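The values are calculated or read from the model by the stated rules, or taken from the named source; none is laboratory data. Quick caveat: nothing in here was measured; it's all calculated off a predicted structure. Cβ: placed from backbone, ideal geometry, glycine included. Neighbour counts: every protein chain shown. The protein model used for the area step is the full one, side chains on, heavy atoms only, and it has no ligands, DNA or RNA in it. Shrake-Rupley method; radii C 1.70, N 1.55, O 1.52, S 1.80 Å.
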Amino acid sequence: MAEMRVKLVSMGCGDETLTTQAREALEEADCLIGADRLLREAPARPNVPRLKAVRGEEILSILRASGAKAPCVLLSGDAGFYSAAAGLVPLLEGEKIPFEVLPGVSSLQGFAARLHKDWQGWN
């Protein structure tokens, strides 16, 4: 029996900014977990269960009960920028659940691009 491997998928600024790695993970997913907006926007096979949860404890509970082998947890923006991943990663590590973080375009990067401004000097 295959072991579960969770992918924390950064949705970037929406479907149009997903990385290739994130798209591939979503195509292979057997379960999606995240906020309503992200579940609606995520490009995945139509028969894949989409389960609403945003808090680390809720997500962990769903992962334990799901029986999924390739679940994706959907994150807004980028996993390293004020993300729900900060609360979830320690829980996954504590449970020894293998996971991979797939970074994406942060909301700050998207905002700067829409303003046509660099953001390296912003304080």
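Matching residues to (1) open to solvent by less than 70 Å² (accessible area, probe 1.4 Å); (2) within 15 Å of Ser10 (Cβ to Cβ):
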| position | (1), (2) |
| --- | --- |
| Ala35 | yes, yes |
| Arg64 | no, no |
| Leu74 | yes, yes |
| Ala86 | no, yes |
| Glu100 | yes, yes |
| Asp118 | no, no |
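Just checking, which of Arg40, Arg45 is open to solvent by 10 Å² or more (accessible area, probe 1.4 Å), under 30 Å from Ala113 (Cα atoms) and either in a loop (DSSP other than H, G, I, E, B) or without any contact (Cβ under 8 Å) to a residue 12 or more places away in the chain (or both)?
Working: Arg45 fails: under 30 Å from Ala113 (Cα atoms).
Step by step, each of Arg40, Arg45 is checked, and only Arg40 is open to solvent by 10 Å² or more (accessible area, probe 1.4 Å), under 30 Å from Ala113 (Cα atoms) and either in a loop (DSSP other than H, G, I, E, B) or without any contact (Cβ under 8 Å) to a residue 12 or more places away in the chain (or both).
Number of residues in region 12-24 that are surrounded by 21 or more Cβ atoms within 10 Å (Cβ to Cβ) and of a type in the set (Gly, Ala, Ser) equals 2. With respect to the conditions (1) in contact with a Leu (Cβ under 7 Å, 6 or more places away or on another chain); (2) closer than 11 Å to Leu8 by Cβ; (3) without any contact (Cβ under 8 Å) to a residue 60 or more places away in the chain, Ala79 lacks only one, and its number is (3).
I'd like to check something: does region 54-66 contain any residue that is touching a residue at least 40 places away in the same chain (Cβ under 8 Å) and within 14 Å of the chain's Cα centre (by Cα)? Write out each step before concluding.
Initially, region 54-66 is screened for residues touching a residue at least 40 places away in the same chain (Cβ under 8 Å), giving 63.
Still in the list and also within 14 Å of the chain's Cα centre (by Cα): 63.
Yes: region 54-66 contains one or more residues that are touching a residue at least 40 places away in the same chain (Cβ under 8 Å) and within 14 Å of the chain's Cα centre (by Cα).
Within region 48-62, count every residue that is open to solvent by 70 Å² or more (accessible area, probe 1.4 Å) and among the hydrophobic types (A, V, I, L, M, F, W, C).
Taking region 48-62 and keeping what is open to solvent by 70 Å² or more (accessible area, probe 1.4 Å), we get 50, 52, 54-55, 57-58.
Next, only the ones that are among the hydrophobic types (A, V, I, L, M, F, W, C) stay: 54.
Residues meeting the conditions: 1.
Filtered by the rule that a residue be among the basic types (Lys, Arg), closer than 12 Å to Val6 by Cβ and at pLDDT below 95, region 26-83 gives a lone residue, Arg64. Taking first residues from region 96-116 that are in contact (Cβ under 8 Å) with a residue 24 or more places away in the chain and partners that are among the aliphatic types (A, V, I, L, M) and open to solvent by 60 Å² or more (accessible area, probe 1.4 Å), the Cβ contacts under 9 Å between residues at least 6 apart in sequence or on separate chains come to Val105/Ala113.
Would you say Ser106 is of a type in the set (S, T, N, Q), touching a Phe, Trp or Tyr at 6+ places or on another chain (Cβ under 6 Å) and buried (at least 19 other Cβ atoms within 10 Å of the Cβ)? The answer is yes for Ser106. When you go through (1) touching a residue at least 60 places away in the same chain (Cβ under 8 Å); (2) open to solvent by less than 10 Å² (accessible area, probe 1.4 Å); (3) part of a helix (DSSP H, G or I) one by one for Val9, which number turns out not to apply? Every condition holds for Val9 apart from (3).
If I ask for residues that are under 17 Å from the mean Cα position of the chain (by Cα) and open to solvent by less than 80 Å² (accessible area, probe 1.4 Å), which ones from region 88-98 would you list?
Step one: filter region 88-98 for residues under 17 Å from the mean Cα position of the chain (by Cα), giving 88-93, 97-98.
If the condition is that a residue be under 17 Å from the mean Cα position of the chain (by Cα) and open to solvent by less than 80 Å² (accessible area, probe 1.4 Å), then Leu88, Val89, Pro90, Leu91, Leu92, Ile97, Pro98 are the ones that fit.
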